[in-house]
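Visitor: Supplied in structure tokens, the structure appears directly below.
What follows draws every value from the coordinates through simple rules; no lab data is involved. Quick caveat: nothing in here was measured; it's all calculated off a predicted structure. Positions of Cβ are backbone-derived with ideal geometry, glycine not excepted, and every protein chain shown enters the neighbour counts.
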Amino acid sequence: MKLPLINRPLKSFSLVVATLLLFMAPSLELAGITLHISYRLAQAQPTQERQTEADQLFQQGIEQLNNSQPEAALQLFQQALAIYQELKNRQGERQVLKNIGNTYFGLKEYAKTIEYHEQALAIAQELQDRDLEGKALNNLGLAYKELGDSAKAIEYYQQALVIAREVPSSELEQIVLGNLVVIYAALEEPAKVIEYAKPVLLAAQAVENTLLEGTALGYLGDASVSLKNYQQGIDYAQQALVIAQETENTLLEAYAFDILSRAYSSLENYQKVIEYAQQGLLAAQKIENSWLEGRALGQLGDTHKLRGEMRKAIEYAQQSLVIAQESGNRSLESWNLITLSDAYDFIGDHLQAIEYAQQSLTIAQEIESSWFQMLALDTLGRAYNSLGQTEKSIDFFQKSLTIAQEVSSPRQEGIVLLNLSNNYEQLEDYQKAIELLEQSLAIGRKSKNPRLEAQALSNLSDVYSSLNDYKQAIELAEQSWVIAQEIKNPQALMMPLVSLYSIYESLGDYQKLIEVSQRGLTTAQAIENPQLEILFLNFLGMASFYQGDAQKAIELSQQSLVIAEQNESKLAEGIALLVLSVGYGELKNYEKAIETSRKSLTIAKELQNSHIERTVLNHLGGIYRRAGQKKQALIVYQEALAIAQKSQDDFTLTNALAGMALVYRDLNMPVTAITYYKQVINEIEQVRSNISGLSTELQESFLQAIWDFDRFTRADFYRELADLLLSQGRILEAQQVLELLKVQELRDFTGNRSAGGEKPKVSLTQTEEQIKEEHGTLIAFGQKVAECEAEPSCNELEQMEQQLDALIVQFNQTVQVIEEKVQNRREKDRAFLDTEDFLRKAQEIVKAQPHTVLIYPFVLDDKIWLLWSSAGGIVQTTEVTGVGQQQLSETVLKFREQLQDPYSEITALQTTGKQLYDWLIKPLEKELQGNDIQNLVFSLDRATRYIPLSALFDGEQYLIENYAVFTVLSAKLTDTEARLPSNPQNTSVLAMGLSDAVEGFNPLPNVPPELDVIVLVDDQDSRGVYSGSQFLNQEFNLKALRKNLRGRQILHLATHGEFVPGRPKESYILLGTGEKLAIADISRLYRQLSDVHLVVLSACETALGGAGEDGVEINGISYYFLSNGAKAVMASLWLVNDASTSQLMQQFYGNLANKTAIVPMTKAQALRQAQLSMLKDNTSTTDNTDDRASITSVSTSGTPNSSTAGFSHPYYWAPFILIGNGS
């Protein structure tokens, strides 16, 4: 789920506020009431009479004007003007001209206003009356402002200001300054507003004019907020608020609340915004000021939207919209329409969102507001993106981006870039998406916009997640989360958590899923954000399902459903219903599961949310399949596929293919099922190719991620495909799939993505390609039907649905025919797939030593398959029923416990060994005995990796008594050509060991004699076997290892160490200096290891796994050596007595050195002879009982006592295993 960054269109409306406050009302000088006419006394009587007549006419005009009769007033003023002109009374003429101009100003006839004020100005200049000249200039400025000629208005104001200061006239100066403040506020030049408002404030404070002081503070606060000096703006507004409340000036009070709410909105302190906007609303309603009332309501709507409270957002925005429309406030109307569009888009009603955004855009174009056009276009882009109409969405975003760049709004530019990237991610143009997001991130950082920065980081995380680069995705999401915590923005807090949830869900790390969901829920509840609370309750519900607690999933989704319904959020309701259905489905309450899924699907279709729709369809298909309604399951899977292909959603596509694979498996149509299984596995492989760099725990969890009900995992697809292939006799293909799974497990465990070389895809046969092609045609037509359904007036829908039904029937008939054909030719066509490469590798292994068989035990939940390959290209399978993974694991654990206790009862041990033998060897016994097989090579699976195979018991003998045994990681990872020189003199050994006690580790006193027996120091040495060098204790360091390893054929390490399952970086070999050589750092020795044929780890605690492990750690330690040049590794499966280990090593090397060109002795045979010698040995143990460490899966405590009956108990000889080239 990805949410776009929603813009905040709130800007200053100071011009309207100025008009309302009128603290600096223009000086229209209706001063005729107190006209000074002293000069009239000097005139003659006739002149006196005319003067009196003019004065009376003028006075009557003033009275008419005061009675709101401007037309009558103008007639009287004109008569008076004529007499004054006749008498050449310039003062009287000026007074009348000024009042005529003012009257026309009131009538909004600004051209006439200018005409008369210019005449008044000329007379004032003629009379050299600077005060009157200044007032005339001010009045001309007012007229030009109303005509929209701001430059001319400012020019007149500036001239008036110069005169006011020259006279000086503080009254005129304050009037002109006020008018400058008003016009610069209208021009949105807050710096100029502050420049002129500050002297007004000082003057008001000097004369203790509290009204003027409060209004000046309001302007300063408003301008400071516009300049993003939010704290300064808050300080000014708080001072204005105090004055307003002291003087009971409700208008100024409402204005101060407006400034405060806007400042805190920019600071994203939404609780404060709501607090001040509510108070501002009450003040505006008290004085019946609809403009401020509408603005406060709009602010509340916008803020609740940003808090995720969409129901409240819609309620307030609707009220504000009504006021805006009634009062003709087009800007406020456009703003509210954007808020409504955002809210409806968020709750999933994208069509309604588009309608409101389009209305807002139309208004913005009519009033020529670039700002609102930019916001409306961005909103339209987001709505169309939600509908999946990417081309339209990109077009709207590009237009919005152009305007953002034209008006130099970096914040909005960053937002649009961010939203635009979503489209390119959906189009899988990830490079373009990353490019846009990095631009947005750079803007966020440069403009110090942490919210934009957090969102860009979160969206970058999503893109890298889509690229399956989960390591980078997690790092980016965590960076976003850190920033979001600092700014406490709901959207910013939500997005990185959503990203992390998606990542950990994909990787199957359900503990992390719980942690992220709980973190999100706690945050949502702390900031009282219902949308976030709904989201994370559902996330927790799904996490509970993944962890096997379906009832808790139901409870959590029901809680979220209640909140969704209370907040009238259809989208949230649809998601809650989906999670609820998942819980019911897992509990097999199919009736309720289907009912809730259908409700969720209905909502998704109503909202035209294709993402939710295809998710629900896949889930519904799973319910129908599980409920036995296979036909219905196929229908909904087909719908999901059609939508997924149209929207290019690979994840949904893979899920639908997986569902169809399971349905056809249940319908006993294996060929068709195999076709879909292979496509699913290839999709999984594609994802896995990019999860390198993550912790090995996360890489391992990916294969174990829950895919379907009954805890069906990704790894199960490999096993199910192999099972189906085996059931069809397609053995080579099955072995190829198993090889692939083994390589993937090894890669996960070691964290090395190159393990096993380049990943192969599972190829489709010609038959399977035919099925895929037929189905592709069906899906393509399904897309056309979906497009028709989306159109309100598609008249062909009924006909197309009938055609689709016919195509489905035809497809099912086709696959049935294919199934029958394949069934008929199965024996002739034993290998549908070209697997010559695998067959060649398998044959190389069995040919490397005569009389050899390669055995693959393949463990499923309800059976075991034994796949085996022998010389001549023979590949066979045997199905072992009556035993599955659980029973096998329990038996293996029991066997290991018995083996790891040197005092265990041998009869009981042999009984358990016999059970395992019957499952794993007895089914092949006749073939092995009848073909003189002497060497068994195993490529082990699951719990079988923990079995010391040499100790399996056939009722009379251990397996080692009849066969030489060794294992390989996989056929592909095994070098079969290299051999040790036949002449021991040509073999050189590097033996290194630790016998002293070091901190945390016991001494190993048998190591020195062990090395002495192995290394031939000189010609006089009668004990040594191979020429070479030995380094003990302090001499055994990394420098010595690196310097002396090149050219050696054998590397023998007798020291402590530990290999931690899943954490190779924490695993190590202990050097003689006490330093730890990290296992992962063995790769640094790749040049020196190139000549090494055998690595022997005779004392390393190379693993300590738990009961829940799958045994892959046993191969892990070997991999680090084998992948860097060594050909084989010998180690042990559990902690072994130091003395017995030393004895076995001496015998092993002695046996290996006895080889000749004529009578070869392989490593596997040398190990077998050493084990047999101990099995039949009755020599007492030495006094030293210190254990040597090993590859262990179950911890054991205690050590065997000294002086036992010898080393014949399997505890002493069975754990030693040979991995790799056994020749």
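Visitor: Measure up 471/512; 512/678; 98/135 against 21 Å on the Cα-Cα distance and list the ones that go over.
Guide: The pairs that break the limit, which is 21 Å between Cα atoms, are 512/678.
Visitor: Name the shape class, rounded, prolate or oblate, that the alpha-carbon gyration tensor gives for the range 856-1010, where a ≥ b ≥ c are the square roots of its eigenvalues, rounded holds for a/c under 1.5, and otherwise prolate holds if a/b is larger than b/c and oblate otherwise.
Guide: Oblate.
Visitor: Along each principal axis of its Cα atoms, how long is the range 594-674 end to end? Whole angstroms, biggest number first, please.
Guide: 38, 28, 14
Visitor: Same structure again: 7 Å from Cα along Cα→Cβ at both residue 863 and residue 562: what's the point-to-point distance in nm?
Guide: With each label placed 7 Å out from Cα toward Cβ, I get 4.9 nm.
Visitor: How long is the gain from residue 794 to residue 605 if the chain were fully straight, where each residue apart is worth 0.36 nm and the alpha carbon distance is subtracted?
Guide: So the extension gain works out to 66.4 nm.
Visitor: Still on this structure, I have one more. Which shape class, rounded, prolate or oblate, goes with the range 46-170 when its Cα gyration tensor gives a ≥ b ≥ c as root eigenvalues, a/c under 1.5 marks rounded, and past that a/b bigger than b/c marks prolate?
Guide: oblate
Visitor: Loop only per DSSP, at most 16 neighbouring Cβ atoms within 10 Å: give me the GluC sites (Glu not before Pro) in the range 308-396, ordered by residue number.
Guide: 368
Visitor: OK, next. By average Cβ neighbour count within 10 Å, what is the ranking of 956-968, 1162-1174 from highest down?
Guide: 1162-1174, 956-968
Visitor: Please sort by residue number the GluC sites (Glu not before Pro) in the range 540-573 whose DSSP state is loop and whose Cβ has at most 16 other Cβ atoms within 10 Å. Display every interim value, and only then the final one.
Guide: Working: sites: 555, 565, 568, 573; in loops: 568.
Listed in order of number, the matching sites are 568.
Visitor: Tell me the trypsin sites (Lys or Arg not before Pro) within the range 838-938 that lie in a loop according to DSSP and have at most 11 other beta-carbon atoms within 10 Å. Intermediate results must be reported in sequence, preceding the final value.
Guide: Values: sites: 840, 841, 847, 863, 894, 896, 914, 926; in loops: none.
Within the range 838-938, no trypsin sites (Lys or Arg not before Pro) qualify (loop, at most 11 other Cβ atoms within 10 Å).
Visitor: What does the C-alpha gyration tensor say about the overall shape of the range 331-416? Classify as rounded when a/c is under 1.5, otherwise prolate if a/b is larger than b/c, or oblate.
Guide: oblate
Visitor: Between residue 429 and residue 188, what FRET efficiency comes out of the Förster formula 1/(1 + (r/R0)^6) with R0 = 30 Å and r the beta carbon distance, rounded to 0.05?
Guide: It comes to 0.20.
Visitor: While we're here: So if R0 is 22 Å, what FRET efficiency would residue 171 and residue 246 give, r being the distance between their Cβ atoms, rounded to the nearest 0.05?
Guide: The formula returns an efficiency of 0.35 here.
Visitor: Using the Karplus equation 6.51 cos²θ - 1.76 cosθ + 1.60 (θ = phi - 60°), what ³J(HN,Hα) coupling, rounded to whole Hz, does each residue of the range 899-912 give in order, writing x for Gly and Pro?
Guide: Each residue's phi maps through the Karplus curve to give 5, 7, 10, x, 9, 5, 5, 5, 5, 5, 4, 5, 5, 5 Hz.
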